[in-house]
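In what follows, a single structure is set out as structure tokens and then discussed.
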Amino acid sequence: TGVFSAAPPAPAISPVHDVVITLMMDARPVVIALMLLHLGGTFFLLARLGLAALRLRAIRRRAVILAGDVLVSNEITVPMTTGRAILIPRTLVNTLTTSQLTDVICHEREHVRRRDVLLNWLQELVVAVWWFHPLVHLGHAVAAALSAVHQHHRVCSDRQRPGPGGVQVRGVDDQEPA
């Protein structure tokens, strides 16, 4: 018989093996319940994200064009970007000076330039899939804080910079609001 002869069988450790198999069989309902909980949470968060996207799309569709890619809506309370379009609340258009409104639009254009909307969507997808993990939530919060700090340091220094779509705000005078 040669080098490749059959080795004697390894000693059976059946008591340990039996215990492991028994534990796995007993834990199966718990594992299935945890998987269903995870899938349910993920489905809930993805559905919530999808509904928010549909609502935002409808708001954008009903908004009125102010100038180029800048839209005005009565349905929002804060300025925001939706991909390449910028949504401004009607109340801001009515109360801010042209200079202030230009600053707001410039700030929102910075979000468009940095593709913050895409990054936010990716973050939300990660949170939806890994919602049970505390480090994901911590990372999400840290990323939001860092983005806010970056935005405060990044200022539109050139008010004449029109950016894509131009910023010619009509119907808003340069006087301070009363």
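The values are calculated or read from the model by the stated rules, or taken from the named source; none is laboratory data. Everything numeric in this text was worked out from a predicted model, so none of it was measured. Cβ sites come from the backbone with ideal geometry, for glycine too, and all protein chains shown count toward neighbours.
Looking only at residues that are surrounded by fewer than 15 Cβ atoms within 10 Å (Cβ to Cβ) and of a type in the set (Lys, Arg) in the stretch 35-89, which one is nearest to Val104 (Cα to Cα)?
Arg84
Being among the hydrophobic types (A, V, I, L, M, F, W, C), modelled with pLDDT under 90 and either in contact with a strand residue (DSSP E or B) (Cβ under 8 Å, 6 or more places away or on another chain) or assigned to a helix (DSSP H, G or I) (or both) is the requirement here; does Leu101 meet it?
It is false that Leu101 is among the hydrophobic types (A, V, I, L, M, F, W, C), modelled with pLDDT under 90 and either in contact with a strand residue (DSSP E or B) (Cβ under 8 Å, 6 or more places away or on another chain) or assigned to a helix (DSSP H, G or I) (or both).
Just the residues that are of a type in the set (Gly, Ala, Ser), under 13 Å from Val93 (Cβ atoms) and in contact (Cβ under 8 Å) with a residue 40 or more places away in the chain, please, taken from the stretch 60-79.
Let us first name the residues in the stretch 60-79 that are of a type in the set (Gly, Ala, Ser), namely 63, 67-68, 73.
With under 13 Å from Val93 (Cβ atoms) added as a condition, the list becomes 63, 67, 73.
Residue satisfying the conditions is Ala67 alone.
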